[in-house]
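The values are calculated or read from the model by the stated rules, or taken from the named source; none is laboratory data. All of these numbers come straight from a predicted model, not from anything done at the bench. Every residue, glycine as well, gets a Cβ built from its backbone with ideal geometry; the counts of neighbours run over all protein chains shown. Calculation scope for accessible area: heavy atoms of the full protein, side chains included, ligands and nucleic acids excluded. Shrake-Rupley method; radii C 1.70, N 1.55, O 1.52, S 1.80 Å.
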Amino acid sequence: MTFLDLHLNNSLLKAVHDEGYTQPTPVQEKAIPAILQGRDILAGAQTGTGKTAGFALPILEILSEQPRAKGKPLLRVLVLTPTRELAAQVGESFQTYGKYLPFKSTIIFGGVSINPQINALKHGIDILVATPGRLLDHLSQGTLTLKHIDFFVLDEADRMLDMGFIKDIRRIIAMLPIKRQNLLFSATYSDEMKKLCASILKDPAIIEVARRNTSSELVNQRVILVDCKRKTALLGELIKENKWQQILVFTRTKHHANKVSEYLNKIGISASAIHGNKSQGARTKALADFKAGEIRVLAATDIAARGLDIDQLPRVINLELPNIAEDYVHRIGRTGRAGNNGEAISLVCVDEFEYLKGIEKLIKQKFERESVKGFEPDLSIKPTPITQGRGQRVKR
Ligand code: AMP
C-alpha cells in the first residue's frame with residue numbers, strides 16, 4: 001500500500017513526501033481509512049508506530065474537505081495528551097503534515113505562562129493539542145470553548161489514567177458536543193480503560209498493531225559507560241576498530257552534531273551533520289550521500305532524524321542519550337527494520353545515568369553496562385546536572 005491508496009489530498013501527500021515517508025505504517029493503513037469513513041477508533045498503538053500521522057492525516061483531510069466558516073477559525077480538533085513533551089510532538093506533527101494547508105494549530109500545557117497561550121487562542125485556531133490540567137484552566141477562564149469540536153483524540157490514554165487524569169478527562173468530555181468523532185490510542189487495556197472506552201466510543205473500529213520500533217528483538221541494544229570528556233574519541237575509536245561503514249549518530253543538540261561531524265572528518269572518517277539549522281538542500285544531500293555510502297557517519301538531532309527511513313541501516317549510536325525516554329525508542333527504531341538485524345549502542349557518562357534509568361523503565365529492560373579499556377568513566381565523580389531540565393525539550 002502507498003499513501004496514494006489512502007485518498008489523501010495533494011497537500012498532505014506532498015507534506016508526507018517531504019518527510020521522506022515512502023509507505024504508510026500498519027497503524028496508518030488501518031486507522032486512516034476508518035477515520036476517513038467517520039468511524040470512532042480504538043487503537044492499541046504505541047509511540048513509535050507512526051500513530052500520530054495515523055490520526056493527524058485523516059483529520060486534516062476531513063477538515064480540508066469541509067469549508068471553513070467565515071471569520072475566525074473555530075476550534076474543531078482537540079487532542080489530549082498526558083505530557084507536555086507528547087503535546088509538543090503531536091503539535092509539531094500537525095504543523096508538519098498540515099504545512100501546505102491553511103489550518104492553525106496550537107499547543108497548551110502547564111508549567112509555562114498562560115498569557116501567550118491566551119493570545120494564541122484569541123486569534124482563533126482550528127486544532128488544539130493540550131494536556132488536561134491547563135486545558136481546564138483555560139476553560140474555567142473562558143479563554144476557549146469546546147462547543148465546535150468535531151474530533152476528540154485521547155493520545156496515550158493509558159498513561160493519562162496512570163497519571164490520575166481520569167476526573168479531568170471526564171470533566172472535559174462533559175463539555176464536548178455529543179456529536180463528534182472519537183479517536184482513542186492506548187497501549188494497554190485495564191478495567192478502568194475499558195470503562196472509559198465504553199463511555200466515550202461508539203462502535204469503534206478496533207485497530208491492533210505490533211509496536212514497530214520498541215526495543216525490537218531485532219535490535220541488539222548495548223550500553224557502554226564512558227568518561228564524559230572522551231565520548232567523541234571513543235566513537236572514533238569504535239568506528240575505526242570495528243571498521244563500521246554506515247552509522248547514524250545521535251546528539252542532543254545541533255551544535256554537538258556539527259562538532260562530532262567535524263571531529264570525525266578530521267580523523268579520517270567521512271561524516272555530515274543534519275539538523276534544523278541546515279538548509280533543506282544540505283539535509284537532502286547529506287542523507288543521499290549517507291544512503292549511497294559516500295559518507296560513513298550521519299550525525300543527527302532527534303527532530304532532524306524524524307521520518308528518516310534508511311533501508312538496512314546496521315547501526316545507531318547514541319553519543320548522548322535523549323532527555324525524553326520515548327526519543328530513545330524512536331532513535332533505535334531507525335535500525336533493525338524490515339526484518340534486518342540492527343545494533344544500537346549508547347555511550348553513557350555519569351551525567352546521563354538518570355536518563356538511562358528513565359529509558360530502562362520505559363522499555364522495561366535493564367542493560368548490561370559495558371566499558372572499553374582506556375575510556376572507563378570515573379564513577380566516583382558526582383554527576384553534573386545537564387542544563388536542560390529533565391523532560392524539557394532541548395532546542396534542536
Ligand atoms: P509516532 O508513533 O507517531 O510517534 O511516530 C514515530 C516516528 O515514525 C516519527 O519519527 C515519525 O516521523 C515516523 N513516521 C511516521 N509515519 C511514518 C512513515 N509512514 N514512514 C516512516 N516514518 C514514519
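Below, the figures for the structure above:
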item: FRET efficiency, residue 195 to residue 163 (Cβ-Cβ, R0 22 Å, nearest 0.05); result: 0.85
item: Computed [θ] at 222 nm, helices only, for the chain once each DSSP H run of length n ≥ 4 contributes -39500 (n - 2.57); result: -11000 deg cm²/dmol
item: Between the range 226-267 and the range 118-154, the alpha-carbon center distance in angstrom; result: 44
item: Local net charge near residue 383, Cβ-Cβ under 10 Å (Lys/Arg +1, Asp/Glu -1); result: -2
item: In nm, spacing of pseudo-spin labels at residue 171 and residue 115 (7 Å Cα→C-beta vector); result: 2.5
item: Angle between the chain longest axis and helix 51-65 axis [Cα atoms, degrees, rounded to 10]; result: 40
item: Computed E for residue 141/residue 208 - FRET, C-beta separation, R0 56 angstrom, nearest 0.05; result: 0.90
item: Shape of the range 2-44, Cα gyration tensor, a/c cut at 1.5; result: prolate
item: Rounded, prolate or oblate (a/c below 1.5 giving rounded, otherwise prolate when a/b exceeds b/c) for the chain by Cα gyration tensor; result: prolate
item: Spacing of the two label points (7 Å from each Cα toward its C-beta) at residue 237 and residue 312, in nm; result: 3.1
item: Three-way shape call for the range 219-371 based on the alpha-carbon gyration tensor, with the a/c threshold at 1.5; result: rounded
item: 13 Å beta-carbon shell around residue 182, net charge (K/R +1, D/E -1); result: 0
item: Length released on extending from residue 282 to residue 9, taking residue separation times 0.36 nm less the Cα-Cα span; result: 95.5 nm
item: Per residue accessible area in Å² of the chain, where ligands, DNA and RNA are left out and the probe is 1.4 Å; result: 46
item: 12 Å beta-carbon shell around residue 131, net charge (K/R +1, D/E -1); result: -2
item: Selected from 384, 49, 83 as most flexible by GNM, with the chain as the system and alpha-carbon contacts under 10 Å; result: 384
item: Among 199, 130, 238 - extreme Cα towards positive end, dipole of the chain, charges at beta-carbon; result: 130
item: Relative contact order computed over the range 3-208 (Cα-Cα under 8 Å; 6+ residues apart), in percent; result: 29
item: Value of relative contact order over the chain, rounded to a whole percent, pairs C-alpha under 8 Å and six or more apart; result: 17
item: Top of 355, 21, 189 by mean-square fluctuation, Gaussian network on the chain, Cα under 10 Å; result: 189
item: Highest average packing first - 366-375, 65-74, 23-32, Cβ atoms within 10 Å; result: 23-32, 366-375, 65-74
item: Residue 22/residue 228 FRET efficiency (R0 35 Å; Cβ-Cβ; nearest 0.05); result: 0.35
item: The range 219-371 - percent of accessible surface contributed by carbon and sulfur, probe 1.4 Å; result: 46
item: Percent carbon-and-sulfur accessible area, the range 3-208, ignoring ligands, DNA and RNA, probe 1.4 Å; result: 53
item: Full-extension gain in nm, residue 373 to residue 2, via 0.36 nm per residue minus C-alpha separation; result: 128.7 nm
item: Within the chain, percent of DSSP bridges classed antiparallel, to nearest 5; result: 0
item: Isolated Cys residues of the chain, judged by Cβ distance under 4.7 Å to other cysteines; result: 197
